[in-house]
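Just below is one structure, and these are the notes that go with it.
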Protein chains: 2
Amino acid sequence: VPRPEKLFLDDVTVGMVFRSSEYRLDADEIKEFAARYDPQPFHVDEDAAKETFFRGLAASGWHVAAITMRLLSESIPFTGGVIGASGEIVWPHPTRPGEILHVESSVLDVTPSRSKPDRGFVAAECRTLNQDGQPRQVLKAKLLVFRRTGGAREGA
Amino acid sequence: VPRPEKLFLDDVTVGMVFRSSEYRLDADEIKEFAARYDPQPFHVDEDAAKETFFRGLAASGWHVAAITMRLLSESIPFTGGVIGASGEIVWPHPTRPGEILHVESSVLDVTPSRSKPDRGFVAAECRTLNQDGQPRQVLKAKLLVFRRTGGAREGA
């Protein structure tokens, strides 16, 4: 189904699906992110990781979340950008070096704001999957989306 | 109250509080993180950001989450590390360049696993606050924690 280039809240319907491109995660990037933001042995050192709960190098869940955001920013075409208000996040299984991730986002709910006529909220389930379709993160996100009539600002 | 250097599930009690050190977030780091993981105008360019919903440069919420993880990894002394299973995350207000963040984590619940005697879960509310005590992120995290009798692995 062809879609307009940028969507307003008025264009979004329950069941709409957005599929992202792919992102290959290698060991160097796992260790680089973790050294800065999650410096625990199972995220920064292959050998030390073997002796931990993860039994080998695993990406920080917050790294998977950051990659997911990158993929969402390119795959969800909302006018004004992808603006998250809140979310529920689960990591059902660690993400390992060499996995190729993509995100499939399904619209669960569309709710105009009661107090602000220029906007509303979209609830979406964003599933981050590896190359075998195995889930690595499931995010239920509440996104702020502008309405066509509301005078959304440019710039995103 | 003095605490043992590393805590097992058996040592964790409801109401226990952990306070992190401080982390100063500047514009360069906001733009560097966003260029890689959330390349939207309000996160990567001061001038473009003025014309958006945020009306100025704001950190990606996932950047605030990553910084929060850094502060948690240093402030929550669980044996085996800080291992998140899931979380609920809210960003009540954007984080701006120059803000100085810290995290205050309160234990809400402690639950031994029914099926695995070596571990359990701690529910914690982790509030990321700026230098004026204003909340920038609230994370309710479910953390996997090992029991003293369970043979937790070394390495973290």
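The values are calculated or read from the model by the stated rules, or taken from the named source; none is laboratory data. As the structure is a computational prediction, the values presented were derived from the model and not from experiment. Virtual Cβ from ideal backbone geometry, glycine too; neighbours counted across all protein chains shown. Heads up: the accessible areas ignore ligands, DNA and RNA and are worked out on the full protein's heavy atoms, side chains in. Shrake-Rupley method; radii C 1.70, N 1.55, O 1.52, S 1.80 Å.
Report the residue of chain B with the smallest Cβ-to-axis distance, using the rotation axis that brings B onto A, in whole Å.
That would be B:88, 3, residue then distance in Å.
I'd like the distance separating the alpha-carbon centroids of region A:1-68 and region B:24-39, in whole Å.
After rounding, the separation between the Cα centres reads 17 Å.
Convex hull over the Cα atoms of chain A, averaged projected area in nm²?
Across all orientations, chain A yields a mean hull projection of 10.1 nm².
Quick one: buried accessible area between A and B, total over both chains, 1.4 angstrom probe, nearest 100 Å²?
Using a 1.4 Å probe on protein heavy atoms, the buried area is about 3700 Å².
Quote the relative contact order of region B:34-88 in percent (integer), defining contacts as alpha-carbon pairs under 8 Å separated by 6+ residues.
Across region B:34-88, relative contact order equals 21 percent.
Taking beta carbons within 10 Å but only from partner chains, what does the mean come to for residues B:88-95?
Shielding by partners across B:88-95 averages 3.
Taking residue B:50 as the anchor, which aspartates and glutamates have their alpha carbon closer than 16 Å to its alpha carbon, excluding any fewer than eight residues away along the same chain?
A:154
Considering the options B:73, B:35, B:128, tell which one lies farthest towards the positive end of the dipole of region B:1-154, charges being +1 on Lys and Arg and -1 on Asp and Glu at the Cβ, about the Cα centre.
The Cα lying farthest towards the positive end belongs to B:73.
Working from the pairwise distances between different alpha carbons, so that the mean of 1/r is found and then inverted, what is the protein assembly as shown's Kirkwood radius in Å?
20.2
With charges set only on the Cβ (+1 for Lys and Arg, -1 for Asp and Glu), what does the dipole of chain A come to about its Cα centre, in debye to the nearest 20?
Value, rounded to 20: 760 debye.
Given Cα pairs under 8 Å that are at least 6 residues apart, what percent is the relative contact order of region A:31-156?
23
With the other protein chains left in place, how much accessible area per residue, in square angstrom, belongs to the protein assembly as shown at a 1.4 angstrom probe?
Using a 1.4 Å probe on heavy atoms only, each residue of the protein assembly as shown averages 46 Å².
Return the carbon/sulfur percentage of the accessible area of region A:1-120, one whole number, probe 1.4 Å, all protein chains in place.
The computed percentage sits at 50.
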